[in-house]
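Visitor: Here you go, one structure.
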Amino acid sequence: MCVFCKIVAGEIPSKKAYEDDSVLAIYDINPQAPVHIVFMPKEHILTCADDIDASNAEIISKIFVAIAKVAKELGLSDGYRIINNCGAAAGQTVQHIHFHLLAGKEGMSESMI
Ligand code: AMP
Ligand code: ZN
């Protein structure tokens, strides 16, 4: 089981930012910005953005609906970034598709996570 599947299963503790029947969002253990939340599907069905197609677009849509909801709840009106690291060369370390929400001063910098 990958680390995110273990978090979904409750085998590894996490600080949850959002949860519904198919989406989980947790605060990143190694934050790269004042607000750093990782959104994932509960099911390990895709590795990264490259795997998205018409057959699985619904869960991606649900993730982005959750992102917008959390961003509003947290009052991120100054803006935020959404990042998907796709592949090792892009810095991907967990092979369970996820989207980073970064906000705050550092999140607005040029640096990639
Ligand atoms: P990526 O490098 O895009 O694959 O992102 C994986 C992210 O998961 C990194 O930012 C890690 O800090 C984060 N991460 C790894 N393990 C945990 C954990 N147990 N709880 C919260 N975040 C984690
Ligand atoms: Zn997984």
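Readers should treat all values here as calculations from the given coordinates under stated rules, not as data from a laboratory. Since the model is a prediction, treat every value here as computed from it, not as a measurement. As a convention, Cβ positions derive from the backbone with ideal geometry for all residues, glycine included, and neighbour counts pool all protein chains shown.
Visitor: Among the residues of segment 17-55, write down those that are away from ligand 1 (no atom under 15 Å from the Cβ), surrounded by 15 or more Cβ atoms within 10 Å (Cβ to Cβ) and under 18 Å from Gln92 (Cβ atoms).
Guide: Once the filter is applied, which keeps residues that are away from ligand 1 (no atom under 15 Å from the Cβ), surrounded by 15 or more Cβ atoms within 10 Å (Cβ to Cβ) and under 18 Å from Gln92 (Cβ atoms), segment 17-55 yields only Ile52.
Visitor: Next question. Residue check: is Asn56 among the polar types (S, T, N, Q) and within 19 Å of Leu102 (Cα to Cα)?
Guide: So Asn56 does not fit the description; no.
Visitor: Out of all the residues in segment 31-66, which are among the polar types (S, T, N, Q) and touching a strand residue (DSSP E or B) at 6+ places or on another chain (Cβ under 8 Å)?
Guide: Listed by number, the list holds a single entry, Gln32.
Visitor: Which count do you get for residues in segment 2-16 that are of a type in the set (A, V, I, L, M, F, W, C), without any contact (Cβ under 8 Å) to a residue 12 or more places away in the chain and more than 8 Å from ligand 1 (Cβ to nearest atom)?
Guide: Total meeting the criteria: 1.
Visitor: Looking only at strands (runs of 3 or more DSSP E) that fall completely inside segment 1-77, which ones have 3 or more residues that are out of contact with any Leu (no Cβ under 8 Å at 6 or more places or on another chain) and within 16 Å of ligand 2 (Cβ to nearest atom)?
Guide: 23-27
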